[in-house]
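For reference, the structure discussed in these notes is given below.
Since every read-out is calculated from the coordinates, none of them should be taken as a lab result. Note that the structure is a prediction, hence the values are computed from the model and not measured. Here the Cβ positions follow ideal geometry from the backbone for every residue, glycine too, while neighbour counts run over all protein chains shown.
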Amino acid sequence: MNREKGFTLIELILVIVILGILAATAIPKFSNLTRDAKVAKLAGMQGAVRSGTTMIYSKAVIQGKISGDETITLDGASISLHSGYPIGHWAFGFSHTVNLEGLTYTSGDDVCTSEWCGRGNQTSIPSGKTTLSPGMIGKIYTKGYRYSNQCGVYYINHANGTVPEIGLETDDC
């Protein structure tokens, strides 16, 4: 007697249900990995901004330009300082903390189409951090995001003699 072997309908439904349960638990973990990768990329940029800021401040100390408004030249670029640190203005200060070819300045709230975009000369950022005049805030954010998204690295020179704030906005990443 030859019997055909195969799965019953109940066995197939049971396998499909188990696969559905596994997929439902795995998908959130994978989407979380994407967010974690974006935040890690921003943390790397934050480290680069910190390092660049320290390098510029060190040069300002050597030249005795650590009080009030000053200017130094680094790699042919004129950098505006307050208290020895780059100001939060994009073109004259903050942008010189990192040296990236793919870093594009934006003046509006367009979606970033370069690897990195930046904007400065602000008094507040979307997460609510603020500074008073003459302090300035700059922000670097990554491709696919807008300045208004809370997903980026911010730089705040309060222009009061304190060390600049360098942090992350990650709520929208």
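With respect to (1) surrounded by fewer than 17 Cβ atoms within 10 Å (Cβ to Cβ); (2) assigned to a loop (DSSP other than H, G, I, E, B), the lone exception for residue 104 is condition (2).
Against the definition (within 25 Å of residue 130 (Cα to Cα), touching a helix residue (DSSP H, G or I) at 6+ places or on another chain (Cβ under 6 Å) and assigned to a helix (DSSP H, G or I)), how does residue 39 come out, yes or no? Criteria not met by residue 39.
Restricting the first member to the range 154-171 and to residues that are in contact (Cβ under 8 Å) with a residue 40 or more places away in the chain and closer than 14 Å to residue 97 by Cα, and the second to residues that are among the small types (Gly, Ala, Ser) and assigned to a strand (DSSP E or B), the beta-carbon pairs closer than 9 Å and six or more apart or on different chains are 155/120; 155/138; 155/167; 156/138; 156/167; 157/138.
Taking the criterion of being part of a helix (DSSP H, G or I) and aliphatic (A, V, I, L, M), the residues of the range 51-97 that qualify are 55, 56, 60, 61, 62. If a residue must be in a strand (DSSP E or B) and surrounded by 14 or more Cβ atoms within 10 Å (Cβ to Cβ), how many such residues does the range 113-164 contain? Result for the range 113-164: 20. Using the structure shown, decide if residue 128 is over 12 Å from the mean Cα position of the chain (by Cα) and without any contact (Cβ under 8 Å) to a residue 12 or more places away in the chain. Yes; evaluated as a whole, the condition is true for this residue.
Tell me which residues, restricted to the range 119-153, are of a type in the set (A, V, I, L, M, F, W, C) and more than 21 Å from residue 97 (Cα to Cα). Show your work before the answer.
We begin by selecting, within the range 119-153, every residue of a type in the set (A, V, I, L, M, F, W, C); these are 125, 132, 136-137, 140, 151, 153.
Passing the criteria: only 132.
Listed here are the residues, each with its yes/no results for (1) farther than 30 Å from residue 160 by Cβ; (2) surrounded by 11 or more Cβ atoms within 10 Å (Cβ to Cβ); (3) of a type outside the set (A, V, I, L, M).
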residue: 11; (1), (2), (3): yes, no, yes
residue: 23; (1), (2), (3): yes, no, no
residue: 54; (1), (2), (3): no, yes, yes
residue: 76; (1), (2), (3): no, no, yes
residue: 96; (1), (2), (3): no, yes, yes
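From 142, 123, which residue is of a type outside the set (A, V, I, L, M), in contact with a helix residue (DSSP H, G or I) (Cβ under 8 Å, 6 or more places away or on another chain) and farther than 17 Å from residue 53 by Cβ?
Numbers: 123 fails: in contact with a helix residue (DSSP H, G or I) (Cβ under 8 Å, 6 or more places away or on another chain).
Of the residues listed, the single one that is of a type outside the set (A, V, I, L, M), in contact with a helix residue (DSSP H, G or I) (Cβ under 8 Å, 6 or more places away or on another chain) and farther than 17 Å from residue 53 by Cβ is 142.
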